[in-house]
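K.L.:
Have a look at the structure that comes next, please.
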Amino acid sequence: VTTESGTGIVHLAPYGAEDNEIFQQVGIESLDVIDDQGHFTEEVPAYAGMFYKKANKQIIQDLTERGRMIKAMDYEHDMPMCWRTNTPLMYKPITSWYIAMSQLRDNLVNNNQSVSWIPEHIKEGRFGNWLSDIKDWGISRSRYWGTPLPVWKSESGKVKVIGSFSELEQLSGVPLDDPHRPYVDEVSFEFEGETYTRIQDVIDVWYDSGSMPFARFHYPFENQELFRDKFPAEYIAEGLDQTRGWFYSLMAISTALFDQAPYKQVLVNGMVLADDGQKLSKSKQNYSAPDILLDQFGADATRLNFFSTPISAGEDTTVSEATLKIMTQEYLLPLWNMYSFLVTYANLHNWNPLEDTFTVSEVKNQWLRARMNQTIEEVTKELNNYRIPQAMRHIKSYMDDMSKWYIRTSRGDFAAGTTEYLATLYQGYVTLLTLLAPFAPFITEYLYQQLVKDIDDQAMESIHLCDWPEAKEYSAELFSQMTQVQGAVELGFKLRDIAGLKVRQPLGRLSVHGFVLQDWMKALIATEINVKEVTKDTIEGESLSDQGLTVTLDTEITPELREEGLVREVIRNLQMTRKKQRLSMEQRVKMTVDAPAELGELIRTHSEIISEPVGVVEWDFRGLEGVEGTHKVKVEQDKVRVLVEVVG
């Protein structure tokens, strides 16, 4: 009955909680005329033996004949359904055993105050409201399987609750080899002149779950010190649906026995949804099979999906092929690409971290070291406060800074084999692996073995046995300075894009206003934007501004700049031909080029400049039409044929 139904009459029956509450308020005792199978009992002779749903028509007819029927109509409404069989469930009053939790309401509320909840609103909201209005706990169940309720009852109705196996054996004289049904049901005993037999009920399984903190140690019969050392738990974690389940049963039993909370911190995760936002359902089959996802994307991507999304902070999230693909692209592929980059240049220059002693003098290296220590500090702080998604965001930010800024802006230094850069990247990357290890345990273990254990016999056997890194002091000023540089570079790229100029095309000048330009800043901005000069002087050209920063770019291309741009275009295309042949960086080659006269002359003139980045030790210029194994490339409007031969 809803408020939209209008005014009318609603019938009450003793087969619902609200109905029974009203009965108690007006003095009607509970009654039950339906047996356990849903059939009317002999207490209602006219319908005895009839299934209660099938009796509806007969009841309506009888009421009509007796003049008691006002109106009969079909009405569609929700019904409780069995989640296993999808058949209707029937509510009926039964006799149950209860724990009088209502008497401990104030204790429950007070003990909850000592607990930190994530998300915080559950403490006073969903869980706090539940505790403040707590009802007695119906502890018994009429089932075969389960922990037997340890209650023995005499013929006259006296009750004795048994506290241990030894107590039962002393009373009955029967050793209890198996405490489960039906064996325990056969044990009876004489006490004060009466025979006591066990009631048939078992205990609510949530009581078993709530007893975990002490039951796992067989406390109080043994391990008392061990239990006291481990109680209460530092933290527990479960889903939002456990607010009235495990979270409550733990709190209820702990409050009743010890009058304290069983946990210090509760991490409440949300629910896993399908891509369209619906709950996962066996009947709807709206999910991908976990084993298929694990086979396709691996356990690390699946774990990262949980840890990097708000599900670990109580919000719902999705897990599917689409989300795991994102985790692979955002975390695992960059992690692997950085590993490949580091190993490639370390091998190219025969660099070994165990043999290297270095000082960090370059600003970019100082900055990455500072970012590393800042990330250690932030991640540690977030994890100490159980804020997992926030910790993951710091790790992701550090990973992006390492791959998308530090490595990108330092390729020339790595190509030159500058050990300071190799050592800085190595240390920063291994630290990244250590921070990421709890969340992606498998790929980080593999990479640790490759980068650390395989070259250092004294290293820990596993990354998961390594100490958690500790942050060292770092310069926060470096962050603001590098942020200013990154802002200038971003505006410079936008100006190039507006002008339709490729980054490979060198330009003359770029002016920056809004912060103090240091020499290292000028060099870094010039390299990134590909300009000859970065200045604070006013120049002619296109300008962009953002948050007090103004950048102006001179877009005039002189003949000298155009020629240099062509050389860079040639280098890029020749490097692509090497890549197509899957040549390693250390392999030296002979290149034969078939190009139009003007472009061919340009390549000859600048062959020394081109040779080093392309790995060419010998040049040849001749026609290649029809020659097998040639590559076709395009440099601006010119079509060029290239033959690559490995010579060393």
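K.L.:
Give me a count of the residues in segment 240-272 that are in a strand (DSSP E or B) and more than 18 Å from SER116 (Cβ to Cβ).
P.N.:
Summing the residues that are in a strand (DSSP E or B) and more than 18 Å from SER116 (Cβ to Cβ) in segment 240-272 gives 1.
K.L.:
I'm trying to understand the selection: among the residues of segment 3-25, which are aromatic (Phe, Trp, Tyr) and either free of Cβ contacts under 8 Å to residues at least 40 places away in the same chain or open to solvent by 100 Å² or more (accessible area, probe 1.4 Å) (or both)? So that I can check it myself, show each step before the final result.
P.N.:
Pass one, segment 3-25, residues aromatic (Phe, Trp, Tyr): 15, 23.
Once the filter is applied, which keeps residues that are aromatic (Phe, Trp, Tyr) and either free of Cβ contacts under 8 Å to residues at least 40 places away in the same chain or open to solvent by 100 Å² or more (accessible area, probe 1.4 Å) (or both), segment 3-25 yields only PHE23.
K.L.:
Read through the list (1) of a type in the set (A, V, I, L, M); (2) part of a helix (DSSP H, G or I); (3) at pLDDT below 95, then give the number of the only condition that ILE455 fails.
P.N.:
So ILE455 meets the others, but not (2).
K.L.:
Give the residue that is nearest to LEU348 (Cα to Cα), with candidates limited to residues of segment 601-626 that are aliphatic (A, V, I, L, M), open to solvent by less than 40 Å² (accessible area, probe 1.4 Å) and in a helix (DSSP H, G or I).
P.N.:
By that ranking, first place goes to VAL614.
K.L.:
Take LYS53 and decide whether it is closer than 21 Å to THR87 by Cα and not in a loop (DSSP other than H, G, I, E, B).
P.N.:
Spelling it out, it is not the case that LYS53 is closer than 21 Å to THR87 by Cα and not in a loop (DSSP other than H, G, I, E, B).
K.L.:
Going by the conditions given, is ALA48 at pLDDT 90 or above, farther than 19 Å from PRO88 by Cβ and open to solvent by less than 50 Å² (accessible area, probe 1.4 Å)?
P.N.:
Yes: the conditions hold for ALA48.
K.L.:
Could you tell me which numbered condition ASP456 fails, if it satisfies all but one of (1) open to solvent by 40 Å² or more (accessible area, probe 1.4 Å); (2) more than 36 Å from the chain's Cα centre (by Cα); (3) of a type outside the set (Phe, Trp, Tyr)?
P.N.:
(2)
K.L.:
Let me ask another. What residue, among those in segment 272-313 that are under 20 Å from TYR386 (Cα atoms) and open to solvent by 70 Å² or more (accessible area, probe 1.4 Å), is modelled with the lowest pLDDT?
P.N.:
Looking at residues that are under 20 Å from TYR386 (Cα atoms) and open to solvent by 70 Å² or more (accessible area, probe 1.4 Å), I get PHE306.
K.L.:
All but one of (1) at positive phi; (2) open to solvent by 50 Å² or more (accessible area, probe 1.4 Å); (3) touching a residue at least 24 places away in the same chain (Cβ under 8 Å) hold for GLY173, so report the exception by its number.
P.N.:
(3)
K.L.:
Then there is this: Can you tell me which residues in segment 504-547 are more than 19 Å from THR558 (Cβ to Cβ), in contact (Cβ under 8 Å) with a residue 24 or more places away in the chain and of a type in the set (A, V, I, L, M)?
P.N.:
Matches in segment 504-547: VAL512, MET521, LEU524, ILE525, LEU544.
K.L.:
How do the pairs read when you match residues in segment 137-148 that are farther than 21 Å from PRO93 by Cα and touching a residue at least 24 places away in the same chain (Cβ under 8 Å) with residues anywhere that are surrounded by 13 or more Cβ atoms within 10 Å (Cβ to Cβ) and of a type in the set (Asp, Glu), using Cβ under 7 Å and keeping only pairs 6 or more apart or on different chains?
P.N.:
Close Cβ pairs (under 7 Å, with a partner that is surrounded by 13 or more Cβ atoms within 10 Å (Cβ to Cβ) and of a type in the set (Asp, Glu)) amount to THR147/ASP208.
K.L.:
Same structure again: Among the residues of segment 149-176, what is the count of those that are within 15 Å of GLU192 (Cβ to Cβ) and of a type in the set (Ser, Thr, Tyr)?
P.N.:
Residues that pass the stated criteria total 3.
K.L.:
Right, here's the next one. If ILE557 passes every condition in (1) open to solvent by 40 Å² or more (accessible area, probe 1.4 Å); (2) under 30 Å from GLY629 (Cβ atoms); (3) among the aliphatic types (A, V, I, L, M) but one, which one does it miss?
P.N.:
(2)
K.L.:
Which pairs do you get when a residue that is touching a residue at least 12 places away in the same chain (Cβ under 8 Å), found in segment 53-82, comes within reach of a residue that is open to solvent by 70 Å² or more (accessible area, probe 1.4 Å) and in a loop (DSSP other than H, G, I, E, B), reach meaning Cβ atoms under 9 angstrom, with the pair 6+ apart or on two chains?
P.N.:
Going by the 9 Å Cβ cut-off, the qualifying pairs are ASP62/ARG68; ILE70/ILE9.
K.L.:
Moving on. Can you work out which of the residues in segment 459-480 that are assigned to a helix (DSSP H, G or I) and at pLDDT below 95 is most open to solvent (accessible area, probe 1.4 Å)?
P.N.:
GLU477
K.L.:
State which residue is least open to solvent (accessible area, probe 1.4 Å) when the search covers only segment 61-96 and only residues that are under 25 Å from ASP35 (Cβ atoms), of a type outside the set (S, T, N, Q) and over 44 Å from the mean Cα position of the chain (by Cα).
P.N.:
ASP62
K.L.:
For segment 521-564, how many residues meet the condition of being under 30 Å from ASN365 (Cβ atoms) and not in a strand (DSSP E or B)?
P.N.:
15
The values are calculated or read from the model by the stated rules, or taken from the named source; none is laboratory data. These numbers were taken from a predicted model, which means no experiment stands behind them. Don't worry about glycine lacking a Cβ; one is built from the backbone with ideal geometry, like all the others, and counts go over all protein chains shown. In case anyone asks, the SASA skips ligands and DNA or RNA and just uses the protein heavy atoms, side chains included. Shrake-Rupley method; radii C 1.70, N 1.55, O 1.52, S 1.80 Å.
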